[in-house]
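Have a look at the structure below before the remarks.
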Amino acid sequence: MAIGFMLLYTKFSNVFSKKALFYTVILPFIAFFGAFGFVLYPLSNLIHLEALADKLIQTIGPRFLGPLAILRIWSFCLFYVMAELWGSVVILVLFWGFANQIMTVDEAKRFYPLFGLGANIALIFSGQTVKYFSNMRASLGPGVDGWALSLKAMMSIVVGMGFTIYFLYWWVNAYVPLPTRSRKKKPKMGTMESLKFLVSSKYIRDLGTVVVAYGISINLVEVTWKSKLKAQVNLMLS
């Protein structure tokens, strides 16, 4: 999905303006998260392909157990992928791209650390929100799908925040005077041309190496090391 988005984004960036590209990218995320909370999850028992997955397992065997497990609960897997892409697309591409567009280098030195601090403070509020709705589920009566209610509430917040981003982006472009820069006509490049350009630049190539190294390190820590730690703790407790 990340590779597919990269290909689409490269194509769209050669077709749309910066503002149209921003709206085109963020609106599908807002629509999906709203649809998941109010449509896909309530209908999950009907739209999940569990019978088809069972039939395929009997036909082709357990070698494709992983892909068939994804097929079995495809809407949940799609939600996971979209949630992961939100951080990669909306924050890394849209937000920082817009910040680079409207700020000078001197302003970036002052404000970029504050942006990073604000992102970490936001985690506190999101954690408290999840805690609140978790406690709310505990107070519901029997027979009530507490998870469905809390999911609708949290997805409503996500949709509301998404439209807030949409509005603020429109307002800044409409009413805030942006810094003037010398405009150079940039050639339109496809995916392969863009990759060749990035590889040819030593500065960007080094930045890419840092990003890849960070991705490998965080996955080793978040997935492999923590899973081994959890298994060790369970062994000690048992």
Accessible surface ranking that places the most exposed of Tyr80, Tyr169 first, with a 1.4 angstrom probe:
Tyr80, Tyr169
With the 1.4 Å probe rolled over protein heavy atoms, segment 69-108 has an accessible area per residue in Å² of 55
Could you pull out the chymotrypsin sites (Phe, Trp or Tyr not before Pro) across segment 5-73 that fall in loop regions by DSSP (anything but H, G, I, E, B) with no more than 16 other Cβ atoms inside 10 Å?
Phe16
Report, in degrees rounded to the nearest 10, the 0 to 90 angle that the Cα long axis of helix 50-60 makes with the longest principal axis of the chain.
90
May I ask for the distance between the Cα centers of segment 12-42 and segment 78-136, given as a whole number of Å?
17
Ignoring ligands, DNA and RNA, please state the percent of accessible area on segment 50-192 from carbon and sulfur, probe 1.4 Å.
69
First check a/c for segment 1-151, with a ≥ b ≥ c the square roots of the eigenvalues of its C-alpha gyration tensor; if it is under 1.5, answer rounded, and if not, answer prolate when a/b is larger than b/c or oblate otherwise.
oblate
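The values are calculated or read from the model by the stated rules, or taken from the named source; none is laboratory data. Small disclaimer: the values here were computed from a predicted structure and weren't measured. Virtual Cβ from ideal backbone geometry, glycine too; neighbours counted across all protein chains shown. Areas reflect the complete protein model, heavy atoms only, side chains present, ligands, DNA and RNA absent. Shrake-Rupley method; radii C 1.70, N 1.55, O 1.52, S 1.80 Å.
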